[in-house]
Structures are given as structure tokens and as C-alpha cells.
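S.K.: If you scroll down you'll find the structure; I have some questions about it.
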Amino acid sequence: MIEVQHPPHAASLLESMRSIGYTLDSALADLIDNSISAHAKEIHIEFRPTDNPYIAIIDDGKGMSHKVLQSAMRHGSKNPLLERGEDDMGRYGLGLKTASISQCRRMTVISKQDDDINAFCWDLDVVIEKGAWVMLQLELSDCQALPHFSQLESKKSGTMVLWQELDKLLVGEADPENALGTKMLAAREHLSLVFHRFLTKEGSKPKISMALNGSAVVPFDPFLANHKATQPLDEEKFSVEGKRVVVKPFILPHMSKLSSNDVQLIGGSEGFRSQQGFYIYRNRRLIIWGTWFRLARKDELSKLARVRVDIPNTLDHLWTLDIKKSAAHPPELVRQNLKRTVDRIRSVSGRTIAFKGRKISDSDVAPGWNEVLDRSGVRFDVNRNHPLISEFSKSLDKEGRARFNLVLGVIESSFPADALYNRMASDVRPDFASDSAVENINDMISTIIVNMPADSPARRQLLMSLHLIEPFNLYPELTKKIVEEYNS
């Protein structure tokens, strides 16, 4: 048997690798992984959409020597089977190159370490022209002609990755200048989510700052952990091949307790329901989110549930992590443990949705509706014993009460169950506190109270228990004012 050296055709392989599936978001995230692995404290992303558009990522990490940088520029620079350092964000030794050429035709890396500056460049047009794996080594004068070089040069150490000739990124765009700005705005949101645990102090881990054209990237916590109405559940830990996996569930506040901005951020463009599920972090970096891994269905009862799962990079082989670090699938042992978590949190999320307005136990509240279970399922009947309904009914004669009950029956039989079900599954916020709703509350009580003698025991009892009657229990401040007004 004869061994034959048969290397790939350089230009063909590189052009093919450009279509590996990177988006601008995932490509930038891959480069930021490298900066974090280099212990950078500050990461600056600069882009200019005019003239010769470019994107530059500059960090103040430890930098690379000539030998290390030259090796890092090699495709497949590190064997993915080798064990990585605990905080190493990489895996395949391809991210720097594949992420870059997926967006541009010319990528340059300049690194400074111990006052020594080294730079190499992959230019696809040069590779095509030479028909070989030809990489360019830049002189200092070449570097000085590049944008933002002075920003890197002023640092004690660091690295700059420069993307030029943004053909893939801007292909088909009628207005490249506007398109680049729009895409970078979306990338900012992506980075604020994916690296949110790095952009804030977490335990003994230092905070990293990130800026886009000088504007700070603000971390976005998908769990709203600091919101007073968020329910953190007990943390679970289990081992896989001797490595620890940590699971921490959160139940988000009901939409009625969130600001409009919070609802928009938490739901995103796809809405509350689609973002529920597991949030998988590899070395604190978010790699996949908004999925139950087919362990449960996405529905309205679990739409407030989000589960943080921390995995170490030593389990990459079990999670089938892809090159872009944007997809992973849990192994069987992990799925078994996660299934228990799903079963535990669904009931909590459902209760949060069902009882969003209750601040006291159900037994103390006089509800407007009664839930009735029978053989045909569930229905909702108007509570005839509701104090306001009961008092109004007593004020009618026999014929009037019969007509009133008929009207209540019509309301019950036309209860919009399907519409309510659909709205519960959407990200539309309820508007029970509108001006018209508050006006109706005032009209309700005045209509009843005005026909009751001032010294009536029934009136005193009604005012004393008004805060326990729906819908007044949902408006404690308004109810307090009403009671004070009619008791004066």
C-alpha cells in the first residue's frame, strides 16, 4: 500500500468554508471568545460603513508572540480532542479563521506582546492567485496604515482582528451603509445576551467591558434575576463523567408585573412563549437557548419558565458542540436529569400565570367567577354570591331577578375561552388598569352604596370586606380611597 499526500485545494476549500453557517452575530461572538480566553478586560468593536467598510475587534488581552500568532492563523490550529484549559472558550482551532472569512475576503490579525508587534493576513484573492495556502506577514509600516492600529499600539498588550472586503456580509444589499448599521445593531443585542454573565461581576469572576463604536454593550439577563417578582427555584447539581453540571430554574414574573420595556426584552421579536426552556452555558457563555430539547412542549403553562444550565468545556464531546458554538444536544444522562427539572417547574410557572393577581389566599377572596369542573371539562360561572351581585339581585323584584339571572346565563355561555387561551399564550399584556377600568370600579361601588342607608350593617360589612372582593382586590390603593370616602 502506497501513501499519497493529497492536500485540499486551498482556494476551493476556503471558499467552501465561508458557507459553514456563520451569521454576523455568531462570527463576532466567536472572536470575542478568543478575547475572553486571552483574559481581556476591555473589548472594543469598531465598524465604519462608508468608503471601504470594515469591522475591527480590539482587546487588551495577553496578546500573542510571533510563533503563537502564526500557529493561531493555521486552519485547525489545535486538535479538538485535546483537553482545554478550564476557562478556554475554544474547541476546534477554526473559529478565528472560519468566523472571519464567513464575513469578509481579507482578515488581518495584529497582536502585541512584550512590546513586540506581529501581524498576519489571510487574503482570499491572494490564495486564489497563488493557488496555495499563502498567508501574508505584515511589516510594521503595513500595520500603521490600518485603521485603529494606534488604539492597539497604545496598549501594554492585546490583539486586533480586522475584517475588510465585507463581501459576504453585504452581498445583495441595495444600501450597504444602512445595512451594516442595522446588522451591527442586531449584533449588539445578541452579544448583550450571549455574554451577559461576563458583562457583570459574578462571584469572584471579574467584569469585562465591551463597547460598540464607543457605546457600552449593556448586559441583558434573560432570567430577570434582579426583578423582585422573579421566582428563583432551588439549584440542582449532578455529575457526568465526573464533571459537574449545574441547573438553576427561574420563573419569570407575570407580564402584568413587568414594564413594557421588560416585556419587549424578555419576549424578543418571537414572544414570551418561544423563549421558554433551557439556556445552556458553556464556561458561562450562552450557546443555545429557548428549547426544551423535546422533553416538553412549549405552551402557555410553561412560558414563564427558563432554566440556566452550566456545562464545562470538558463535556463538549457529549454535547456534540458545533464549530460555531451555537448548537448542542444533551446526552442521555443529562436529558434524564433535565426531565426531572421540567416536571418540577411547569407547575410553578402555571400557578404564576393562573394566580397573577392574587396577593392573599383564594379562600379569603370573593371571586367574580367560579371555576366548575364536570364530566364535560371546565367552565366558568358568574359567582352569584359575589357581594355586589348579591346586593344588586336583592334590590330587584321577582321578575327582575329572573331577567338578571337570564343575562348572567348569557354572559356565562358566551365566555371567550378560546380567545383567552390564545391571549394567555401570546406576549400581549392585559390592560386591566386602564382609565376606563378604574372608572368602572368607581361606578360599581357608587351604584350599590348610594342605595344603602348610611347606618346599614350591610353597607358597613361591604366596605370592611371590599379589599377581599374581586375586582377591588386588584386595586388596593383605589379601594382604600373608596372606603375612606364612604366612611367619612
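Here is a yes/no grid of residues against (1) among the charged types (D, E, K, R); (2) over 28 Å from the mean Cα position of the chain (by Cα); (3) surrounded by fewer than 21 Cβ atoms within 10 Å (Cβ to Cβ); (4) at pLDDT below 95:
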site: Ser12; (1), (2), (3), (4): no, yes, yes, yes
site: Leu28; (1), (2), (3), (4): no, no, no, no
site: Glu42; (1), (2), (3), (4): yes, no, yes, no
site: Asp51; (1), (2), (3), (4): yes, yes, yes, yes
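S.K.: Might you check whether a residue that is acidic (Asp, Glu) and in a loop (DSSP other than H, G, I, E, B) occurs anywhere in the range 139-150?
M.R.: Within the range 139-150 (the criterion being acidic (Asp, Glu) and in a loop (DSSP other than H, G, I, E, B)), the answer is yes, since at least one residue qualifies.
S.K.: Among the residues in the range 409-420, are any modelled with pLDDT under 75, among the polar types (S, T, N, Q) and exposed (fewer than 12 other Cβ atoms within 10 Å of the Cβ)?
M.R.: Among the residues of the range 409-420, not one is modelled with pLDDT under 75, among the polar types (S, T, N, Q) and exposed (fewer than 12 other Cβ atoms within 10 Å of the Cβ), which makes the answer no.
S.K.: While we're on this one: Being within 29 Å of Val263 (Cα to Cα), at pLDDT below 75 and aliphatic (A, V, I, L, M): is that true of Ile441 here?
M.R.: Yes: the conditions hold for Ile441.
S.K.: Report the residue count in the range 206-218 for those that are surrounded by fewer than 18 Cβ atoms within 10 Å (Cβ to Cβ) and assigned to a loop (DSSP other than H, G, I, E, B). I'd like the intermediate steps shown before the answer.
M.R.: Initial filter on the range 206-218 (surrounded by fewer than 18 Cβ atoms within 10 Å (Cβ to Cβ)): 206-207, 209, 211, 213-216, 218.
After this cut, where a residue has to be assigned to a loop (DSSP other than H, G, I, E, B) as well, the list is 206-207, 213-214, 218.
Looking only at that region, the number is 5.
S.K.: Another question, if that's okay. State all residues of the range 316-344 that are modelled with pLDDT of 80 or more and not in a loop (DSSP other than H, G, I, E, B); if no residue qualifies, say none.
M.R.: Correct list: Glu332, Leu333, Val334, Arg335, Gln336, Asn337, Leu338, Lys339, Arg340, Thr341, Val342.
S.K.: Related question: So, in the range 148-176, exactly how many residues are surrounded by fewer than 14 Cβ atoms within 10 Å (Cβ to Cβ), acidic (Asp, Glu) and in contact (Cβ under 8 Å) with a residue 60 or more places away in the chain?
M.R.: Selection size over the range 148-176: 1.
S.K.: Can you find a residue that is in the same structural domain as Ser100 (by TED's automatic domain parsing), within 20 Å of Leu96 (Cα to Cα) and not hydrophobic (A, V, I, L, M, F, W, C) anywhere in the range 193-203?
M.R.: No; the residues of the range 193-203 include none that is in the same structural domain as Ser100 (by TED's automatic domain parsing), within 20 Å of Leu96 (Cα to Cα) and not hydrophobic (A, V, I, L, M, F, W, C).
S.K.: Would you say Ala132 is assigned by TED's automatic domain parsing to the domain that holds Asp25 and either exposed (fewer than 15 other Cβ atoms within 10 Å of the Cβ) or at pLDDT 95 or above (or both)?
M.R.: Yes: the conditions hold for Ala132.
S.K.: Ok, one more. Criterion first (of a type in the set (A, V, I, L, M) and crowded, with 19+ Cβ neighbours inside 10 Å) does Val194 satisfy it? It would help to see each step written out before you state the result.
M.R.: Details: of a type in the set (A, V, I, L, M): yes; crowded, with 19+ Cβ neighbours inside 10 Å: yes.
For Val194, the condition - of a type in the set (A, V, I, L, M) and crowded, with 19+ Cβ neighbours inside 10 Å - is met.
S.K.: Let me ask something additional. Which of the residues spanning the range 450-469 are modelled with pLDDT under 75 and surrounded by 12 or more Cβ atoms within 10 Å (Cβ to Cβ)?
M.R.: Within the range 450-469, the first condition is being modelled with pLDDT under 75, and the residues that meet it are 450-451.
The answer is Asn451, and nothing else.
The values are calculated or read from the model by the stated rules, or taken from the named source; none is laboratory data. Because the structure is a prediction, the values reported are computed rather than measured. Positions of Cβ are generated from backbone atoms using ideal geometry, with glycine treated the same way; all protein chains shown enter the neighbour counts.
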